[in-house]
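I have placed the structure first, in the form of structure tokens, so that the comments after it can refer back to it.
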Amino acid sequence: MFFIESERLRMIPLTNELLQLCDANRAAMELAVGLNISAMQIDPFYKNEVDDAMINFWLPKTLEHPEAYMWYTSWEIILKSSNTSIGGIGFAGEPNEKGEAETGYMIDQQHQNKGYATEALQLLSGWALAQEKVKAVIVHTYEDNMASKKLLMKCGFEEVAKDESGLMTFRRERP
């Protein structure tokens, strides 16, 4: 099974089969990949986004693009010390014609403010920027999401745009 890892985290991109299992029974998916069962607490806003992504993006797109599933799936963020999932991160598809890969992330409320999102974003964006077709990683966050803005700045992202709704775009380019 493919994964990438840092000092504290291991990240596994879920195949279509693992996504199906996760959708049906998250604990069964965690056991299938050798994890201890997590008891994730997810903010309702993000829970709705994750549920929508599962049905309308991850499942159909990983089925449609099995050879490039890593760009269309959720990557489990695993805390190595407890062998449990503490969140998810992923892309909004393969890089666009400008070589930009868009990413997003979510950390279990019980594990926030411990640097895990920073570590996961650095790990995944580093992996992406090492891919030949990627020139930059893009992240969108709202102007009032101070924690996310702070995280993005810490990870070397720069604000490049803001729309009338307060949605900000941050970009990190290949060095």
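If each DSSP helix of 4+ residues adds -39,500 (n - 2.57) and the sum is divided by the residues in the chain, what number results at 222 nm, nearest 500 deg cm²/dmol?
That calculation yields -9000 deg cm²/dmol at 222 nm.
I need the peptides 121-130, 89-98 ranked by packing, meaning the mean over residues of other C-beta atoms within 10 angstrom, with the highest value on top.
121-130, 89-98
What is the sum of charges, Lys and Arg at +1 and Asp and Glu at -1, for the other residues whose Cβ falls under 15 Å from the Cβ of ILE77?
Residues close to ILE77 contribute a combined charge of -1.
Can you give the net charge of the other residues whose Cβ lies under 13 Å from the Cβ of LYS149, counting K and R as +1 and D and E as -1?
That sum, taken over residues with Cβ under 13 Å, equals -1.
Considering amide H positions built from the backbone, and no H for Pro or chain starts, which residues 5 or more places from ILE77, or on another chain, come under 5 Å of its amide H?
Those qualifying (amide H under 5 Å, at least 5 residues apart or on another chain) are ILE86, GLY87, GLY88, ILE89.
Order the peptides 68-78, 46-56 from the highest to the lowest mean number of other Cβ atoms within 10 Å of their residues.
Going by the mean number of other Cβ atoms within 10 Å, highest first, we get 68-78, 46-56.
Running a GNM on the chain with Cα contacts under 10 Å, which residue among SER82, SER38, SER148 ends up with the highest mean-square fluctuation?
SER82
Scan segment 116-175 for trypsin sites (Lys or Arg not before Pro) in coil per DSSP, keeping those whose Cβ has at most 12 other Cβ atoms within 10 Å, and list them by number.
Filter output for segment 116-175: LYS133.
Cross-link partners among aspartates and glutamates for LYS150, C-alpha distance below 14 Å, same-chain residues fewer than 8 apart left out?
Result set, ordered by chain and number: GLU119, GLU158, GLU159.
Need the list of aspartates and glutamates near LYS114 for cross-linking: C-alpha distance under 16 angstrom, and skip anything on the same chain fewer than eight residues off.
Correct list for LYS114: GLU7.
Given 0.36 nm per residue, what is the gain on full extension from ASN56 to GLU7 after removing their alpha carbon distance, in nm?
Length gained, ASN56 through GLU7: 14.3 nm.
Where does the charge balance sit around LEU123 when Lys and Arg score +1, Asp and Glu -1, over other residues with C-beta under 14 Å from its C-beta?
+1
What percent do you get for the relative contact order of the chain when only Cα pairs under 8 Å and 6+ apart count?
Rounded, it is 18 percent for the chain.
I'd like the FRET efficiency for ILE37 and ASP144, computed as 1/(1 + (r/R0)^6) with the beta carbon distance as r and R0 of 35 Å, rounded to 0.05.
Calculated value: 0.55.
Which Cα, out of SER81, PRO60, LEU151, lies furthest along the positive dipole direction of the chain (beta carbon charges, K/R +1, D/E -1)?
SER81
If you scale each eigenvalue of the Cα gyration tensor by 5 and take the root, what three semi-axes come out for the chain, rounded to whole angstrom and sorted largest first?
Taking √(5λ) for each eigenvalue gives 24, 19, 16 Å, largest first.
Since every read-out is calculated from the coordinates, none of them should be taken as a lab result. From a predicted model like this one, the values you see are computed outputs, not experimental measurements. Backbone-built Cβ (ideal geometry, glycine too); neighbour counts: all protein chains shown.
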